Amino acid sequence: LLNNLQRGQQLSQYQLLNGKYLVALDGAEYFSSDNISCPQCLKKESATGDIRYHHQILQAVIVHPDLRQVLPLFPEPIQNSDGADKQDCEINAAKRALQVIRKQHPKLKMIIVSDGLYSKQPFVDLLKEQGMSFILVAKPDDHKVLFQWVHELMGLDAGSSLTVTDKKGRIHLYQWVTDVPLNGTANADQINFFQYQIREGNDKVVYQNSWVTDLSVNKNNIVEMVQSGRARWKIENETFNTLKNQGYHIE
């Protein structure tokens, strides 16, 4: 399907940020039972000792902030394998999936967008190895050293900002800091950081989020960067919801 779209000049409309493609990454559960299981099932034990068996997939999907249609790539099962001591998990499945995607599409310029589970140095290093860029959610509780750097640099006016008021009177605040360490280790990756807020009357914050990226961030692209980071939600609505509830019978 993707090859047909490329040949028909349809895939190019998904390009953004200088010809790159936004690939959202996330996991979803599609089977769960208290008594039906197979050797590949994931297992979760409750505090009372009850075991729930379930299956998940790791899905990568090409998205664009302005397009309703999404283009799912081949999913990677999150499941236990024969002889494995540890349960499979979303991150390990993502590592496998990215290697397959890069092999299938060696020349595709990709930006991986995902939640805070992925904004850790081992995964960022893997993305670099695969020649993929990233826009990953970064939360203060998960990145204390990073946010200390950000707050100190912004306090010294070393960061940048952009404020936009829309037609409804809402204030959109964009802030970014470049070249800061992802964490407090000696070999931490240097990344760029940006955050975004929507404020309504009386300065009430109705939305906020923050991301890390290897892409350059400036006044000319900060709005598109935020739109790209927020487009991650398309993997929930346009992908998983469609697969589960719109006739594709993933379950």
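What to note about this one:
- Rounded accessible area per residue of the chain, 1.4 Å, Å²: 56 Å²
- Length available on full extension from Ile171 to Lys95: 0.36 nm per residue minus the Cα-Cα distance, which gives 23.5 nm.
- ³J(HN,Hα), Karplus 6.51/-1.76/1.60, whole Hz, each residue of the range 49-57, x for Gly, Pro: x, 6, 10, 10, 9, 7, 10, 9, 10
- With a Förster radius of 51 Å applied to the C-beta separation of Gln40 and Asp179, the computed FRET efficiency comes to 0.70.
- Modelled spin-label separation between Glu251 and Ala158, with each label point placed 7 Å from Cα along the Cα-to-Cβ direction: 5.1 nm.
- Dipole check for the range 11-153: with +1 at the C-beta of Lys and Arg, -1 at the C-beta of Asp and Glu, and the Cα centre as origin, the magnitude is about 620 Debye.
- Simple label model, 7 Å out from Cα along Cβ direction - Arg7 to Asp142, nm: 4.0 nm
- Residue-level accessible surface for Cys38, protein heavy atoms, 1.4 Å, Å²: 50 Å²
- Cα-only Debye scattering, the range 74-189: base-10 log of I(q)/I(0) at q = 0.23 Å⁻¹: -1.30
- Equivalent-ellipsoid semi-axes of the range 1-88, from the Cα gyration tensor, Å, largest first: 37, 13, 11
- Amide proton proximity set for Ala138, modelled H, under 5 Å, gap of 5+: Ser210, Trp211, Val212
- Antiparallel beta bridges, as assigned by DSSP with both residues in the chain, represent about 85 percent of the total such bridges.
- Sorted largest first, extent of the chain alpha carbons per principal axis (Å): 57, 50, 40
- Note on Arg68 and Gln87: the extension gain reaches 3.3 nm, defined as 0.36 nm multiplied by sequence separation minus the Cα-Cα distance.
- Protein-only accessible surface at a 1.4 angstrom probe places the residues Arg230, Arg199, Arg7 in the order Arg7, Arg230, Arg199, largest first.
The values are calculated or read from the model by the stated rules, or taken from the named source; none is laboratory data. All values reported here derive from a predicted model rather than from experimental measurement. With ideal geometry, Cβ positions are generated from the backbone for all residues, glycine too; neighbour counts draw on all protein chains shown. With ligands, DNA and RNA removed, areas are computed over all heavy atoms of the protein, side chains included. Shrake-Rupley method; radii C 1.70, N 1.55, O 1.52, S 1.80 Å.
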